[in-house]
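Any read-out appearing in this document is the output of simple, stated calculations on the displayed coordinates, not a laboratory observation. Just so it is clear, the structure is predicted and the values come from calculations on it, not from any experiment. Ideal geometry is used to build each Cβ from the backbone, glycine not excepted, and the neighbour counts take in all protein chains shown.
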Amino acid sequence: MLRIIVTNLICFSCFYHPCIASVSEPNLDTFLDNGLRLIVYKDSRAPTAIQMTIVNVGSLDEVDGKSGVAHVLEHMMFKRTLNMAEGEFSRRISILGGRDNAFTSKEMTGYHQQVHKDSIKEVMKLEADRMRNLIIDKNDFEKEINVVLQERLLRTEDNPKGLAYEALLAQSFMASPVRRPIIGWRNDIENLTTGDALEWYKNWYVPNNITIIIAGDVDPEKILTWTRELYGDAKQNTLPKRKPQLEPSQKGQRRLSLKAPAKNKFIMKLWKAPTISSSSGPLEYSNKSARDVLALGVLSSLMSDVDTGILTEKLVRNNRKAINISSGSSWMSRGPGYFIIEATPASSVSLQELESEIDYEIKQILRDGVTDEKLQVLKRQAKAEQIFQRDSLMSKVREAAMLVAAGRPLKDSEDWLDLLSSLSSEDIRRVGNKVFDENNLTVLEFEPIDLVSSLN
């Protein structure tokens, strides 16, 4: 299974797989006159429907001093509107027998509901109401700031892996907003105001920055009619200019040490890596950046797949140098990409020893390459995973959302398979030698301290 980082979604794992889940051609893909995009997939295998509303804005669009505003606004969307009292949105979804949630990522903010197909129109009405009529009450806002701070405490400050991941990105990237945590820095969150949230809502939550994706046992033409009724008179707005914040080339290896209460020590190694974006061009054989991205996904599986990964086999199962090893790469982003290896050493093994073992095995992989037989196994696994993904409406919708947020055509998900078929062992070797450069590396060593000692 190919392992890909999904830009650190607040509500999901940092590691997402696979990179080539299937999104077949939609039954409907159109724009309203005000710029709102509607995508509909008809799937009649079960009497259910999913709506995901994507606002094409995330933490990449924040500025220094206001980190976390995208995520805080996501929380406020569950409060009150001109037509609904506090908490009424989720209560109504529950009454319909549905479920709902939301997420904030570096690229986008998403809101999704799953209900019986007969309730999809009502859900669309509820979503349209808060997209157009949100009220940001001061008392609600102050309460929710405390909720977000508690979330940050649980997910990051009291979570060794979350804390380390945040520190690693902050050390690896100097100029790009990728360096800022999606949830925001604590001081920034504490100083956010209702004015900040309202400005974010007015600037970005406009029809020409929204995509609605609906999948399930639905009539696409009815969905289009209802969308026009609910959003057709909404006024588009000129979006704030997204200023390029380019990351300068790294000139040498960076290292940092981190200590916090925890049970186990671990190491993280991050290299800058290519991604696919709106400017990357068609996914075809000649697209070198796309081949590089896909080759990195294959390389990740080659290294750390639970069953067949070389690092897993040699360092975890055979030599018992590590308790676990994982790897992944960002693959589609408006910002810069990266490849991460994370490993926890056995109790008798130092971080330095484990790092040396990992470096040695990487050099061996790059020297020897991947056999044709092994490459075919990896390709078959990836293609099988695509088939499995077709059974999940939510997987289809999420993948479509990622493509939309990155400015990519929906057909990319099918084109990945053609590109995968053409991938060679030389592609794996070439991209590995390019990415795994010491001058492009940031290493984090995490050492645990016991809680009693940390309190003294």
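What the table shows:
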item: Fewest-first sequence of LYS396, LYS241 by Cβ atoms within 10 Å of each Cβ; result: LYS241, LYS396
item: Rounded FRET efficiency, nearest 0.05, which uses the C-beta distance separating THR308 from ARG255 and R0 of 51 Å; result: 0.95
item: Sequence-distant lysines (8 or more away, or on other chains) whose Cα lies within less than 26 Å of LYS121; result: LYS42, LYS79, LYS202, LYS222, LYS235, LYS396
item: Simple label model, 7 Å out from Cα along Cβ direction - ASN318 to ASN133, nm; result: 6.5
item: Least to most buried among HIS75, HIS116 (fewest other Cβ within 10 Å first); result: HIS116, HIS75
item: P(r) histogram, all alpha-carbon pairs of the stretch 4-231 included - 5 Å bins from 0, percent; result: 1, 6, 14, 17, 19, 16, 13, 9, 4, 1
item: Pairs of alpha carbons in the chain whose separation is greater than 32 Å (percent); result: 41
item: The stretch 331-456: equivalent-ellipsoid semi-axes (sqrt of 5 x gyration tensor eigenvalues, Cα, Å); result: 33, 23, 16
item: Cα-based reach from LYS411 at 16 Å (exclusive), listing aspartates and glutamates while leaving out same-chain residues under 8 positions away; result: GLU25, ASP29, GLU284, GLU399
item: Chain lengthening between ASP450 and GLN352 when straightened (0.36 nm per residue, less Cα-Cα); result: 33.2 nm
item: Gyration tensor over alpha-carbon atoms, the stretch 212-342, equivalent ellipsoid semi-axes in Å; result: 40, 22, 19
item: Per-residue Cβ neighbour rank within 10 angstrom, fewest leading, THR53, THR156, THR194; result: THR194, THR156, THR53
item: 25 Å Cα-Cα threshold exceeded, pairs from LYS272/LYS363; LYS161/LYS434; LYS251/LYS434; LYS263/LYS434; LYS66/LYS106; LYS106/LYS383; result: LYS161/LYS434; LYS263/LYS434; LYS106/LYS383
item: The stretch 254-455, relative contact order [Cα under 8 Å, separation at least 6], %; result: 42
